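What follows is a set of notes on a single structure, which appears directly below.
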Amino acid sequence: MNSPHELALLIDALHALHGEAHPRAALATLTRTRGSTFRRPGTHMLVFEDGRLVCELSGGCPQRDIELRAREAIASGQPRLLHYNADSGLDVLMEMGCGGELEILIEPLLSPGATDFAAPLARCMGSRASARLATLFAVDGQALEPRRLLCCDGEVCFDGTGDEALRAALAAACTDWPGRGAGTRRLATPRGELDVLVEAIDPPHALLVVGSSAAARALLPVSAALGWQTTLVDSDAERLRRHAPPPGLRHLCTTPERLGEALPLDRHTSVVVMTHNLEQDIAWLAALRDAPVAYAGALGSRERVARMRDAKALAGLRLHAPAGLDIGSETPEEIALAVAAEIMAVLNGRGGGPLRDNDGAIHG
């Protein structure tokens, strides 16, 4: 799937297309994969007639072929399904060097209405709601003009089906989708076998960096580069003024007691406490004890961390401390890299070890 950062770029581009009287672009979407592939189902790339791209898929040989087919679809105005497997596209597969198989939907976007789903999806992400996007793209294996249904926190917030029976089928597909990721389901109906891509879309991850230390400031651009909604938090207004984050990143002056009122502490949020003051660190971490955050971490030596774990105020808190993966980091920038890597590993349910020791899937 696209990352929340990629998805935000894609939504912005679709918004721009919506404002054009005669848009000329196509949306390429991975609908099925098998084996080792460069991306997973639910990944999108926007191809413009003039060759511009938003959210490149791979940059390699399959992408160049997909771009060509997308421009052909723009010219014809017809959606199509591409198959890269042993029966077709074998030359591209050999150049990929990964041995996987792909199915890709090419969807011409030639009218403003083709992107109507983008605005409600943006609103859903902005409200930090969890979304399910169901896209009907084929009947009995034949590509058709996609029809979409979007559910936000279980409620339908966009219906592009134009048909009650299709609405019910796509809504059921959204409800039945089990958690993260995306995939295509084949639904047997009186109209034939429907191919429906279901995407579980979470809001952008948020990272709260508490403290104005050098390591805290070094973590900010790393977090922003990953597309996380990044906020520098400090209880000292003057210190925060002196060490304000770069333009475009948010900063907030508040206290540990008011942190939950000032910012959402939900399951799509991580918090790293980096004040270098033990009592302050404990106070900030105590504010997270009953919050469903994805990750709560703190810097510190083994001895200092042991004192944190002994603090009654932190009883029951799942604390990642010392924060970061063991990569031998020493400088603020190296520490920031180690911390961001551990957060990413936790979010993806990975151990953070070398890929050469992993016998499972590399991506996703």
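Summary table below
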item: Sites residue 172 and residue 333, calculated FRET efficiency, Cβ-Cβ separation with R0 35 Å, nearest 0.05; result: 0.10
item: For the range 170-252, the fraction of alpha-carbon pairs in successive 5 Å shells from zero, as %; result: 3, 13, 18, 13, 7, 7, 7, 8, 8, 7, 4, 2, 2, 0
item: Residue 300 long-range amide H proximity, modeled H, under 5 Å; result: 323
item: Whole-angstrom gap from the range 199-272 to the range 119-163, using each part's C-alpha centre; result: 31 Å
item: The range 304-329 and the range 1-48: distance between their alpha carbon centers, rounded to Å; result: 40 Å
item: Virtual spin-label span in nm between residue 15 and residue 301, 7 Å along Cα→Cβ; result: 4.9 nm
item: Distance (nanometres) between label positions extended 7 Å along Cα→Cβ at residue 252 and residue 56; result: 3.6 nm
item: Percent antiparallel among DSSP beta bridges (both partners in the chain, rounded to 5); result: 70 percent
item: GluC sites (Glu not before Pro) within the range 248-354: DSSP coil, no more than 11 neighbouring Cβ in 10 Å; result: 330
item: Option label - mean projected area of the Cα convex hull in nm² computed here, alternatives (i) 19.1; (ii) 20.5; (iii) 21.4; result: (ii)
item: Total formal charge among the other residues, if their Cβ is under 15 angstrom from that of residue 247, Lys/Arg +1 and Asp/Glu -1; result: +3
item: Among 41-47, 186-192, the order from most to least packed when residues are scored by Cβ within 10 Å on average; result: 41-47, 186-192
item: Cut-off 9 Å between beta-carbons: net charge of the residues surrounding residue 186, Lys and Arg +1, Asp and Glu -1; result: -1
item: Label-zone membership for the range 250-282, site residue 241, 7 angstrom Cα→C-beta point, backbone N under 15 Å; result: 252-254
item: Inter-probe distance in nm under a simple model that places probes 7 Å from Cα toward Cβ, at residue 291 and residue 145; result: 4.7 nm
item: Accessible surface of the chain [probe 1.4 Å, protein heavy atoms]: carbon and sulfur percent; result: 50 percent
item: Environment charge at residue 51 (Cβ cut-off 14 Å; Lys +1, Arg +1, Asp -1, Glu -1); result: 0
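The values are calculated or read from the model by the stated rules, or taken from the named source; none is laboratory data. Values in this document were obtained by computation on a predicted structure and should not be read as measured data. Neighbour counts run over all protein chains shown; Cβ positions are idealised from the backbone, glycine included. Accessible surface areas use protein heavy atoms only, side chains included; no ligands, DNA or RNA. Shrake-Rupley method; radii C 1.70, N 1.55, O 1.52, S 1.80 Å.
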